[in-house]
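Q: Got a structure for you, questions after.
The values are calculated or read from the model by the stated rules, or taken from the named source; none is laboratory data. If you're wondering where the values come from, they're calculated on a predicted model, not measured in any experiment. Here the Cβ is made from the backbone with ideal geometry for all residues, glycine too, and neighbour counts use every protein chain on show. The accessibility values were calculated without ligands, DNA or RNA, using every heavy atom of the protein model including side chains. Shrake-Rupley method; radii C 1.70, N 1.55, O 1.52, S 1.80 Å.
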Amino acid sequence: MRTHDTPIRVDHVGVAVESVEDAEPVLLALGCERLTVEPVEDRFRWAYYRLGDASRLELIEPVAEDTFLTKFLDENGPGLHHVTLEVADIDAVIESLREHGLRVVDRAEFDTWTEAFVSPGNPTGALFQLMEYHDDYHEDRLPSEELFVNGSRVGELFKR
């Protein structure tokens, strides 16, 4: 079986919490710096943190009843929710995963990014989110140096 040859890296680790305000002091004590807090469709909100020069953590808090996040918290309590991998070519990575017998779910394309998830039913037990950021992802958000690992999208490296 072949594997993909597209650049890929850890973008961030998502942690499900009941309350960003209650959980944030832990990250601040570790030396994290909060970059942004954003609501998502009145279902949840996420707070994004930088730790050091390339590590990022995300706290995810439900703001609506009966969402994937409330279900996760009810079943598992607070803790690791997902690992987000930034990919330069999401379709190549999805094809490689499927060729290796892994289940990819919920592929969706949005205005500024495309995402898909590797089912946690894989041997690692982890939910992996694949993200391919489009060129205009940073518009109306933080500057590129704040949003991306080491200041640039992995897709920019792929084109060189």
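Q: Considering only residues that are among the β-branched types (Val, Ile, Thr) and under 15 Å from the mean Cα position of the chain (by Cα), which ones fall in the stretch 1-16?
A: Of everything in the stretch 1-16, those that are among the β-branched types (Val, Ile, Thr) and under 15 Å from the mean Cα position of the chain (by Cα) turn out to be 8, 10, 13, 15.
Q: Go through the stretch 101-117 residue by residue and tally those that are of a type in the set (A, V, I, L, M) and either surrounded by 14 or more Cβ atoms within 10 Å (Cβ to Cβ) or in contact with a Leu (Cβ under 7 Å, 6 or more places away or on another chain) (or both). Explain how you work it out, then say what you get.
A: So the first thing to find is which residues in the stretch 101-117 are of a type in the set (A, V, I, L, M), and the list is 102, 104-105, 108, 116.
Cutting the leftovers down to either surrounded by 14 or more Cβ atoms within 10 Å (Cβ to Cβ) or in contact with a Leu (Cβ under 7 Å, 6 or more places away or on another chain) (or both) gives us 102, 104, 116.
Selection size over the stretch 101-117: 3.
Q: Where in the stretch 1-100 are the strands (runs of 3 or more DSSP E), entirely inside, with at least 2 residues that are open to solvent by less than 50 Å² (accessible area, probe 1.4 Å) and under 18 Å from residue 120 (Cβ atoms)? Let's see the steps before the verdict.
A: On the way: elements: 8-16, 33-40, 44-51, 55-62, 79-87.
Those strands (runs of 3 or more DSSP E) span 8-16, 55-62, 79-87.
Q: Pairs needed: first member in the stretch 59-76, among the β-branched types (Val, Ile, Thr); second member anywhere, part of a helix (DSSP H, G or I); C-beta distance under 7 Å; at least 6 residues apart or different chains.
A: Pairs that qualify, where the first residue is among the β-branched types (Val, Ile, Thr) and the partner is part of a helix (DSSP H, G or I), are 60/69.
Q: Further, regarding this structure: Can you say whether residue 116 is within 30 Å of residue 4 (Cα to Cα), aliphatic (A, V, I, L, M) and out of contact with any Lys or Arg (no Cβ under 9 Å at 6 or more places or on another chain), as far as the supplied structure shows?
A: So residue 116 does not fit the description; no.
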